[in-house]
1. Cα-based Rg of the range 42-88 per 2.2 N^0.38 Å, rounded to two decimals?
2. Please give the per residue accessible area of the chain, computed with a probe of 1.4 Å over protein heavy atoms only, in Å².
3. In whole angstrom, how far apart do the alpha carbon centroids of the range 90-128 and the range 43-68 sit?
4. Connecting C-alpha atoms closer than 10 Å in a GNM of the chain, tell me which of 49, 149, 364 has the biggest fluctuation.
5. Answer rounded, prolate or oblate for the chain, using the Cα gyration tensor with square roots of eigenvalues a ≥ b ≥ c: rounded when a/c is under 1.5, else prolate when a/b is larger than b/c, else oblate.
6. Treat each spin label as a single point 7 Å out from the Cα along the C-beta direction, and report the residue 364 to residue 231 distance in nm.
7. Does a label point 7 Å from the Cα of residue 51, set along Cα-to-beta-carbon, have any residues of the range 202-246 with amide nitrogen under 14 Å, and which are they?
8. Pick out, in residue order, every one of the trypsin sites (Lys or Arg not before Pro) in the range 272-350 that is DSSP loop and has at most 16 other C-beta atoms within 10 Å; say none if there are none.
Amino acid sequence: VSGESRVNLALVGCGDVVHRSYLPALATARDKVRIAACCDPDPVRAEQTARACESWSAGVQAPQDLDAVLEDSQLSGIFNLAPAPAHETISQAALHAGLHVYSEKPLASTPEGALALAGLAAGRDRLLLCAPAIMAAPRFRWLKQVLETGQFGPATLAIGRYANLGPAALLGYQGDPSVHYSANVGPLIDQGVYVLHAMTGLLGEVRQIQALGAQAIPCRRVRYGPHASNNVAVEGCDHILLQLGFENGALAQVLSSFAVPASPGPALEVHTARASFILDDWQHANAPVDVYLDDQHGGGVQGWLRAANQGCEKAVVDDLVGVGALHFVAVMRGEEAPLLSSADACQVLQIVGAARRSIRDGITVELPSAPVPSPSARAAVRER
Ligand SMILES: NC(=O)c1ccc[n+]([C@@H]2O[C@H](COP(=O)([O-])OP(=O)(O)OC[C@H]3O[C@@H](n4cnc5c(N)ncnc54)[C@H](O)[C@@H]3O)[C@@H](O)[C@H]2O)c1
């Protein structure tokens, strides 16, 4: 894709996240990207979304049918922003049509489905990138670099949490929250994946999983948006606790819950022998990283270094979801190397699958170091 021509992308699924995150982020890159179609089975949503971006995407279409999107020979790729259970089918159709794909999480409904998609993308030499955009956010890139210097020793322990009441209580949420409380989604797929992507991105591959789960609040009343006052039945666990063992010997604990009114503790702690790194706020790409140093050389240096990442570059948009959208555009244009690979998303789905088995059977699950198909990892993208 040349510097003059914009990359043509379609939005498949035009719900809450499109208006909350994707369009605001993509509008900042309007000189690089054009939205060719806003596709949604709900014609009102498709049309409203097309109207919201037509000032910088002339001629944007509003089809209800994915096939109409895939027939557009000018199209280079799609953002797959449908509800979680529909992701796999949509990505598969788009890859078969020769398109590049950025998928909201999860990549697929099962680890096997995710591996098949990764294989399809690799076989067709298409990009398949997957949210959440944790490892594309500057503070996580910074932390990875800092850990890789080895100056503080290797990371030996991580503690992470993503705990709230879920989308039924999310301020101003416009989507249908019931899908998030279904047996195949739940807190681990919807929010725990942020923690898991951070941990696997920073500490490497997970080999052992122990999990406990419980259902704490079986019925929810939707608070905002078009579904307000509806009751939602919680189908699976809404509290999930994980313990992870990494290949390199590091350990981690994760709290993933849709049944916690407030949890003000750190989003993520990463500990080495000589430093502790504390991160807050999963959704804010430019949030600070505090570091506690415990260096016993000479007279010793001990104490907190607040916002230790202040010198690192800032993301154009602070919204982590938007960072992922802009990363896909940049990779499509050959401006950035892909950081959100389907291989990472496959590994996270394997951990989620293992956690479910561990909860069900009361066992520790071992993950083999099975190779996942290498993602289509070209930085530059040829014309279709
Ligand atoms: N809303 C957020 O804040 C947020 C944040 C991060 C990630 N996400 C992820 O974004 C995705 C969408 O979430 P949302 O909150 O926008 O949900 P939503 O319910 O508001 O929107 C989903 C849209 O997809 C449409 N849709 C349903 N089936 C479809 C299909 N087969 N093809 C095309 N469109 C289809 C629906 O009509 C709806 O308009 C989910 O994977 C979610 O986990 C959402």
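The values are calculated or read from the model by the stated rules, or taken from the named source; none is laboratory data. As the structure is a prediction and not an experimental result, all values here were calculated from the model. Every residue, glycine as well, gets a Cβ built from its backbone with ideal geometry; the counts of neighbours run over all protein chains shown. Just so you know, the surface numbers come from the protein's heavy atoms only, side chains and all, with ligands and any DNA or RNA stripped out. Shrake-Rupley method; radii C 1.70, N 1.55, O 1.52, S 1.80 Å.
1. Here the answer is 1.20, to two decimals.
2. Using a 1.4 Å probe on heavy atoms only, each residue of the chain averages 42 Å².
3. 23
4. The residue with the greatest mean-square fluctuation here is 149.
5. Because a/c hits 1.5 or more and a/b exceeds b/c, the chain counts as prolate.
6. 4.3
7. Zone members listed by number: none at all.
8. Those satisfying the criteria are 274, 306, 314.
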